[in-house]
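Heads up: the structure comes next, in structure tokens.
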Amino acid sequence: MHDMKFTKFFIPCVLVIVMAWASCKVDRVSPVTEAVKDISGTWKVVKATRNGTDITAYNGVDFSQFNIVFKSGTYTLNNRLPFLTDTSGTYSLNDPQYPMQITFSPTGEPAVKTDFVYPIVTGVRNIDLTFSANPGCNSNTYIYTLQKVN
């Protein structure tokens, strides 16, 4: 009689332990690879600030005419504005998947690096570039927010 109580208790306990152990499954999750950032295309200035003040609608400067075209590692400036460089050339991102800086290498001039931010704002991809328009005048800091032209 005593063996029967032990058996009734022991067998269900063993079954529960075996089922619990068998149900444990280790899922191996592969890390998601971030896509390479592709900035190819024509980009226009949608917002410009100088020292924190919005100057997009400033009289005398028509930001709507300026654009920059990125294509196959090159960039072309159209309708120049105060910018990192006045000359078209090549560009590179410091990391194609997680860029934090962009380097502009104007033809015949020294390369210029700046911070590169690539956010999505209200569903639209932007590029934010922060720079001093004149290397000798670091007191003016510009931030241009660019959006791709459709």
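The values are calculated or read from the model by the stated rules, or taken from the named source; none is laboratory data. Values in this document were obtained by computation on a predicted structure and should not be read as measured data. Glycine also receives a Cβ, built like all others from the backbone with ideal geometry; neighbour counts cover every protein chain displayed. Keep in mind that these areas ignore ligands, DNA and RNA; they rest on the heavy atoms of the full protein, side chains included. Shrake-Rupley method; radii C 1.70, N 1.55, O 1.52, S 1.80 Å.
Side notes on the structure shown:
- Accessible area per residue was computed with a 1.4 Å probe on protein heavy atoms; SER30 scores about 90 Å².
- Accessible surface ranking for VAL45, VAL121, VAL29, 1.4 angstrom probe, highest first: VAL29, VAL121, VAL45.
- Isotropic mean projected area of the C-alpha convex hull, segment 50-93 (nm²): 3.9 nm²
- For segment 67-97, backbone nitrogen atoms closer than 18 Å to the point 7 Å from VAL61 Cα along Cα-to-C-beta are found at 67-68, 77-87.
- In the chain, lysine pairs with alpha-carbon atoms under 19 angstrom apart (chain gap of 8 or more, or interchain): 8
- Estimated inter-spin distance, THR76 and ARG50, nm [label 7 Å along Cα→Cβ]: 2.9 nm
- Between helix 2-23 and the chain: long-axis angle, C-alpha atoms, 0 to 90°, nearest 10: 20 degrees
- Shown are TYR118, TYR58, whose ranking by accessible area with a 1.4 Å probe and every protein chain present, most to least, is TYR58, TYR118.
- Modelled FRET efficiency - R0 22 Å, THR33 with TYR118, Cβ distances, 0.05 increments: 0.85
- Normalised by residue number, the volume inside the convex hull of the Cα atoms of the chain is 209 Å³ per residue.
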